[in-house]
1. Can you give the extra length, in nm with one decimal, that the chain gains between Ala194 and Cys327 once fully stretched, where that is 0.36 nm per residue apart less the Cα-Cα distance?
2. Report the full-extension gain for the segment His296 to Glu408: residue separation times 0.36 nm, less the Cα-Cα distance, to one decimal in nm.
3. Pull up the DSSP beta bridges for the chain and report the antiparallel fraction as a percent, rounded to 5.
4. Nothing charged except the Cβ atoms of Lys and Arg (+1) and of Asp and Glu (-1): what's the magnitude of the dipole of the chain about its Cα centre? Round to the nearest 20 debye.
5. For Leu474 and Asp202, what is the calculated FRET efficiency with R₀ set at 35 Å and r taken between the beta-carbons, to the nearest 0.05?
6. Give the value in nm², to one decimal: projected area of the alpha carbon convex hull of the stretch 180-469, averaged over all directions.
7. Quick one: if the Förster radius is 35 Å, what FRET efficiency do Thr318 and Arg175 give, using the C-beta to C-beta distance and rounding to 0.05?
8. Put +1 on the Cβ of each Lys and Arg and -1 on the Cβ of each Asp and Glu in the chain; which of Gly398, Thr147, Leu377 then has its Cα farthest toward the positive end of the dipole?
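Quick note: the coordinates plus some simple rules give every number you see, no bench work behind them. For clarity, every value in this text was computed on a predicted model and none was experimentally measured. Quick reminder, even Gly has a Cβ in these numbers, built from the backbone with ideal geometry, and neighbours come from all protein chains shown.
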Amino acid sequence: MRTNKISDEERIKAFKLAKKPEVIEKQKLNVRYHVEDFDVNDRPRRFLEAFAAILKHSNYRMALDHYSRVVSRCALCATTCQIYQATGDLEDIPCRRSELLLNVYRRHFTLGGLLKGRISGKDFLTDEKIQEMADGFWNCTACRRCTLECPMGVDHGLITHLGRYILSEIGIAPRALVVSTREQLEGASRNTSAIPIPALKDTLEFLEDDMLEEKSVNIKFPIDVDGSDYVFFPAVSDFLMEAETLMGIAAVFTATGDSWTIGTGYYDGINYGLFYNDRIMERIIRNVDEETDRLHGKNVLIGECGHASRTAKNFMPTFCGGKDARCVVSILEYTHKVWKEGKLKLDPNVVTEKVAYHDPCNFARQRWIVNQPREVLKSFCKNYVEMTPSGENNICCGGGGGTVSIDEIRPYRTTVGGKLKADQIRKSGCDILVAPCANCKKQLRELVEDQGINCQVVGLHDLIYKAIIFDDSLIVKKEGLIFDKPDFSSKEEN
C-alpha cells in the first residue's frame, strides 16, 4: 500500500513555480560529454541504428509498445519531480521528456509511424532532437519517484535509462562515467578509483591498527580467504573516503564471527552501467560473479551503496545463472538480520545527537530496504527523527542516476536537483543524517555545504562503529599491544 501520497494542494503548488535558475543555462556551457567525432547529418542515422540493435537484442520493445500506446501527458508526474519543482520549466516534466524517445520509437519503429512518415515526409529524427534528448535525460536524476504518480504506470526512469543507453552507444555520455568504467574494465587497477592492490592492503592494515587502538579488539579485514560465506564488494571509493563505514562493517563481522572476505582479483561494487549502458553493466556484474567463483564464496555481499546493491540484486540472475544465480545480500540486510538475532549489541548512550535517515532511491523505491535500517537506528539513537516524505516516496538526494559523479554540474546538483532535499533536511533539524549509500553521501555532503546546513552526513555503520558493544572475550589487554609507547615519564632527563 502506498504511503505519503501527494495531496491536491501539493499538486497545485507544483505548477506555480519560479523561472528556471540561471545555473542551468551555465551548465549547458560547462558540462562535458564524451562525444566521439561525428557528422551532424550522420548522427541521427547512427542513433537509429543503435536503437534498432538494442531493440533486437533486448526486451525493451515490449515496454515501449505499451508505453507508446498508453502514455498520457496529464503531467501529474510533475508534482513528484524535484527537478521540475525547482525549475518550473515545462521541459523538465517527466512525461514530456519520455515523449522525446517515444516519438522516435513511434515514427521509426512501428508500422503506423513508418507508413505515416513515408506519406508525409515529416518528423524525421534530427541532430537537434538528439541534443534535446541528451540534455533532458542527463538532467534527470533517474530517481523514478514520478512512476508513483503516473496514472498509466509509465516508468519514466526506465525510459531515461534506455535513452542514455542509446546515446552512449553513439558516443554521447558524461566523460566522468566513461573514464571511470574504462579504468574499471580495461585499466590496470580494475576499479573506478584506480586503487592498486598494495594501496588497498596498506589502507586496510592501517584501519586495523586504528581499530585495535580505539576498541581494544582485533578487528580484521580478511583478504582472499577461500570458501567464505560472504565475498564483500563495497563502492571502491569507500577505501579512500569512508573509513568509518568500513570499520563499522568489519566490527559487525567481528562481533558475529561470520566468515567474509575482500578479494584482490576484483573489489569494486560500483556499477555505472546502470546509469548509462547495459553492456557495461553486464560486464561489471560478471566480474563480481567471477571473483566470487574464484574465492569459492557462497554469497555476494554489497557495501553501503544503493546502485551497486540494486544492480547486483536485480541483474545477477539475468546475466549469471538465472534461477541458479548466487544470492546477493546488502550489508544493510545482513546487519539488520544479526541485530534481530541478538548477535549485535549497541550502546544506546553513545549517540545523543538528533539523527535522521535518508532513503537511497535504489533501496526504497522498489520497497526493498526501508524499515530495516530505521529499526537498527532507533534501537540505539534516542533522538531519532523521521523526515517526510520518506520510504518508497522519499526525496532523492539530487545526485541520482550517476549525476553525482559529474563534478562540473555540482552547482546544478546542489541548487536545483537537491533543492527539495535540502529543504527537507533543514526542516528536520537533524545534527546527523544517515545515508547508507556512497553516491548519496557524496551528494548530500556537497548539498549541506553549498546550502549552509549544519549537519553531518554519515553511513549507518559509522554510527554502529561508535556504539557497538563487544563480548568480553574479544577484548585485548593493552599491556600486550605492540604499538603501545613506552613510558619515559619516570626517567631522569639527561
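1. 45.1 nm
2. Numbers: separation 112, 0.36 × 112 = 40.32 nm, distance 4.15 nm.
Here the segment from His296 to Glu408 would lengthen by 36.2 nm.
3. 15
4. Dipole magnitude for the chain comes out near 2560 debye.
5. Values: r = 25 Å, r/R0 = 0.71.
According to the calculation, E is roughly 0.90.
6. Its Cα hull, projected and averaged over all orientations, spans 14.1 nm².
7. 0.80
8. Thr147
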